[in-house]
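The structure under discussion is supplied below as structure tokens; questions concerning it will follow.
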Amino acid sequence: MSSRHDKEKGVNVQVLLRCRPFSDDELRSNAPQVLTCNDLQREVAVSQNIAGKHIDRVFTFDKVFGPSAQQKDLYDQAVVPIVNEVLEGFNCTIFAYGQTGTGKTYTMEGECRRSKSAPCGGLPAEAGVIPRAVKQIFDTLEGQQAEYSVKVTFLELYNEEITDLLAPEDISRVAAEDKQKKPLPLMEDGKGGVLVRGLEEEIVTSANEIFTLLERGSSKRRTAETFLNKQSSRSHSLFSITIHIKEATPEGEELIKCGKLNLVDLAGSENISRSGARDGRAREAGEINKSLLTLGRVISALVEHLGHVPYRDSKLTRLLRDSLGGRTKTCIIATVSPAVHCLEETLSTLDYAHRAKNIRNKPEVNQKMMKSTLIKDLYGEIERLKAEVYASREKNGVYMPKERYYQEESERKAMAEQIEQMGGQIENYQKQLEELQDKYVGQVRECSDLTSKLDITEKNLSQTCKVLASTNEELKKSQYAMKEKDFIISEQKKSENVLVQQACILQSNLEKATKDNSSLHQKIGREDKLSADNRKVVDNYQVELSEQISNLFNRVASCLSQQNVHLQGVNKLSQSRLEAHNKAILEMKKKVRASRDLYSSHLEEVQNVVRLHKANSNACLEEVSALTTSSASSIDEFLASGDETTSSLFDELQSALSSHQGEMALFARELRQRFHTTMEQTQEMSEYTSTFFQKLMEESKNAESRAAEANNGQINSIIDFQKTYEAQSKSDADKLIADLTNLVSSHIRRQHELVDSRLHNFKDAVSSNKIFLDEHVSTVNNLTKDAKRKWETFSMQAENEAREGADFSAAKHCRMELLLQQSVGHAESAFKHCKITHESLKEMNSKQVTDVSSLVR
Ligand code: ADP
Ligand code: MG
């Protein structure tokens, strides 16, 4: 597709620019430079001040070669690819266009022919495009070792007449005699191309031959002196190289590949006034300009895509028709001078070349020919030539006077021109006809399209009529259906209203459900409160328990301290009693000792008195007896007094002891009573605590049962609620199922899920609460059990200790009583002893009295 597109679009004509260096004359006259070439950027800048006007223009070309560029540079860069394409079977053309003296001939041919000193095998540096192309062709073909033939033609177009530059010498001599070269006719070849009849085709076998040929041709070239360039030429020259290369197909057939390279050295592009052509040469310049002008017009027509391209207006354009907008690849080398005096021409050349850039060619490879057909063609040619030779040798052609011949010839020429013109017209007509035919075909096609469309439309119309009828029916039906639908819609509206009512009921139910939910929440809150209260009760109970235990502890401690105090008091009392007892005994002993002492002193006094009485005998007997009696009475008195004192003493002692005994007994009783009271208290206390513990246990059991009850109640209420809710929602859902199934079911499901999850959560919370409470109660139970156990052990201990203390105090009491009894015994024995001493004293006294009385007597 793209390649086809490319083919249709074509390839632009390649345009190169070459600027020659200053010539010796220009250098001598010191001409200023107006042209600067930028080879790399492919730009040419023209700048010059003319009468204060600054001209500054830049042109871009496909390639630009400055004054320093050598022949080899230009060839390598621009021509080598073209020659390669020729070798591939393309037709290519290279034009040299420019003012006279700018180097067209130098570029195309070079100056090798003048200095024949070519280095062995190679080309001289000055060699132009033609010798280099021929050399490249031969080098390539020899390198390929293919079978080939290279033919060259070299013609000149001067004054619209074609001359063969390679024609043999003798003919040219004849022509020289005529002072006119024999012009060759230009003919249609019948295949759309043109043919120069009688043009010598020189077969070239080596590159070196080309220089001889070029020399031969150039010497024949018509030159005339002008002011600009002594060797300038107003003629166009066309050098063609045709190559035939034999190729073998895989099938073994031999094909001939054909390529052609045209190298055109155009005449100078300067106009007549500038060239200084005068007189006889004015026509010459005009003719030159005619060919060049036609070339320019052809280029304009091609660039502006005009319908008619005036190829036929000049021989040059006819010869090069295929190179301009045809199937040939074309390259134009525009040559310019850098000097200021050529500026005008330089600018026109640049414009011309720049315009030519826009020409598009559609290059095509030449069809390869079968060798056999080529041979056939050649045989035909040979036959034709043979006939000609035969006619000329036998002189059996037509003879006529020269004048008539020339007349006829000129007529023939005119006719031929007419024919050519007519041919061109016919071509145009044919083109027009083709266009018209195309148009006609298009119209016919359009017409057929339209008829087919009409048919289709008619068909459509009938179909549409049918459709219309059916549509009418359908319309009726649909109207009926509409009525039905209206009825259905009204019914649906009614049912919708019912649904709305039901939805309202459902909403109220849902609200109820939400209320239930909220009541459930409240219940749960209450439950929470209850459990908090329970916890508080348990806490309070704990606090109370601890307080009571501490009270109990304090009480027991106070009891113990009281007991201790009592015991100490008992101890002190018994000690004080013992001390009093001891004191009394000591006093008694002292009194006894004092009475003994008194007694002994009394006894001594009596003895003394006795002794005195004895000593004083009789005298004193009476006195003695009196005295004795007095003493006896005094003793009696004394004894009586002593008796009284001792008895009072004893009585006192006894009474004290008895009071002591009574007090002790009282104390012991009191002590016992106190013990009993403490015991009772402790027992009471323990009973109270045990009852309290029992109460506590009952309480905790109650709390537990209450919690369980509450839990059960909650669970029951939840289950009830769930049941009632499910029942209600089920009934509601059943009611509304007809229309709101999806909505309600999804709603119910969501609610179910919600409530279930909530209930699950509640259950979990309640069970966790219960577990917590159970754990708490069990811990409290354990605690109370522990406390009870401790308290029991403690009360047992206290009881034992109290019992031991009672036993101990009883034992002490017994011992005290024993001691008291002993002391009473002692006191009694002392009393007896006193009595005995008293009696013995009395006896002694009476004895004494008797003795004394006896004595006295
Ligand atoms: P034209 O054919 O355009 O009239 P010529 O080819 O005859 O011009 O060249 C005119 C003169 O300029 C010749 O002497 C030629 O040697 C010289 N000349 C042209 N172009 C160059 C160049 N690029 N380098 C050196 N000399 C050149
Ligand atoms: Mg020239």
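For residue 392, indicate whether it is at pLDDT below 80 and out of contact with any helix residue (DSSP H, G or I) (no Cβ under 6 Å at 6 or more places or on another chain).
yes
Would you mention how many residues in region 55-65 are in a strand (DSSP E or B) and within 19 Å of residue 348 (Cβ to Cβ)?
Selection size over region 55-65: 7.
Sticking with this one: Just give me the residues in region 744-797 being among the acidic types (Asp, Glu) and open to solvent by 70 Å² or more (accessible area, probe 1.4 Å), in sequence order.
Answer for region 744-797, where residues must be among the acidic types (Asp, Glu) and open to solvent by 70 Å² or more (accessible area, probe 1.4 Å): 753, 764, 775, 786, 792.
Which of the following residues is among the β-branched types (Val, Ile, Thr) and closer than 30 Å to residue 503 by Cα: 755, 777, 766?
Within the list 755, 777, 766, the selection yields 755.
Continuing with the same structure: For residues in region 679-699 being modelled with pLDDT of 75 or more and among the polar types (S, T, N, Q), which is farthest from residue 779 (Cα to Cα)?
The qualifying residue farthest from residue 779 (Cα to Cα) is 681.
I'd like to check something: does region 119-132 contain any residue that is in a loop (DSSP other than H, G, I, E, B), more than 16 Å from ligand 2 (Cβ to nearest atom), surrounded by fewer than 23 Cβ atoms within 10 Å (Cβ to Cβ) and modelled with pLDDT of 90 or more?
No: region 119-132 contains no residue that is in a loop (DSSP other than H, G, I, E, B), more than 16 Å from ligand 2 (Cβ to nearest atom), surrounded by fewer than 23 Cβ atoms within 10 Å (Cβ to Cβ) and modelled with pLDDT of 90 or more.
Name the single residue that is nearest to ligand 2 (Cβ to nearest atom) among those in region 40-62 being modelled with pLDDT of 90 or more and either surrounded by fewer than 18 Cβ atoms within 10 Å (Cβ to Cβ) or at positive phi (or both).
Restricting to residues being modelled with pLDDT of 90 or more and either surrounded by fewer than 18 Cβ atoms within 10 Å (Cβ to Cβ) or at positive phi (or both), the top hit is 62.
Filter region 323-373 for residues that are basic (Lys, Arg) and assigned to a helix (DSSP H, G or I) and give the result.
Within region 323-373, 355, 371 qualify.
Tell me, yes or no, whether region 20-32 has at least one residue that is more than 21 Å from residue 358 (Cα to Cα), under 60 Å from the mean Cα position of the chain (by Cα) and more than 16 Å from ligand 2 (Cβ to nearest atom).
Looking for residues that are more than 21 Å from residue 358 (Cα to Cα), under 60 Å from the mean Cα position of the chain (by Cα) and more than 16 Å from ligand 2 (Cβ to nearest atom), one finds none in region 20-32, hence no.
Give me the residue from region 494-506 that is of a type outside the set (A, V, I, L, M, F, W, C) and exposed (fewer than 12 other Cβ atoms within 10 Å of the Cβ) and, out of that set, farthest from the chain's Cα centre (by Cα).
494
Would you pick out the residues in region 65-93 that are farther than 22 Å from residue 43 by Cβ, open to solvent by less than 20 Å² (accessible area, probe 1.4 Å) and among the aliphatic types (A, V, I, L, M)?
Hits for region 65-93 are 82, 83, 86, 87.
Does residue 219 meet the test of being modelled with pLDDT under 85, within 16 Å of ligand 1 (Cβ to nearest atom) and surrounded by 16 or more Cβ atoms within 10 Å (Cβ to Cβ)?
No, not satisfied.
Output the residues belonging to region 554-613 that are within 30 Å of residue 669 (Cβ to Cβ) and of a type in the set (Asp, Glu).
579, 587
Continuing with this model, one more query. Confirm whether residue 76 is in contact (Cβ under 8 Å) with a residue 24 or more places away in the chain and of a type in the set (Asp, Glu).
no
Run down 517, 509 and say which single residue is touching a Lys or Arg at 6+ places or on another chain (Cβ under 9 Å), open to solvent by less than 50 Å² (accessible area, probe 1.4 Å) and either in contact (Cβ under 8 Å) with a residue 12 or more places away in the chain or among the acidic types (Asp, Glu) (or both).
517
The values are calculated or read from the model by the stated rules, or taken from the named source; none is laboratory data. Since the structure is predicted, the reported quantities are computational estimates derived from the model, not experimental observations. Cβ sites come from the backbone with ideal geometry, for glycine too, and all protein chains shown count toward neighbours. These accessible areas exclude ligands, DNA and RNA; they are computed on the full protein's heavy atoms, side chains included. Shrake-Rupley method; radii C 1.70, N 1.55, O 1.52, S 1.80 Å.
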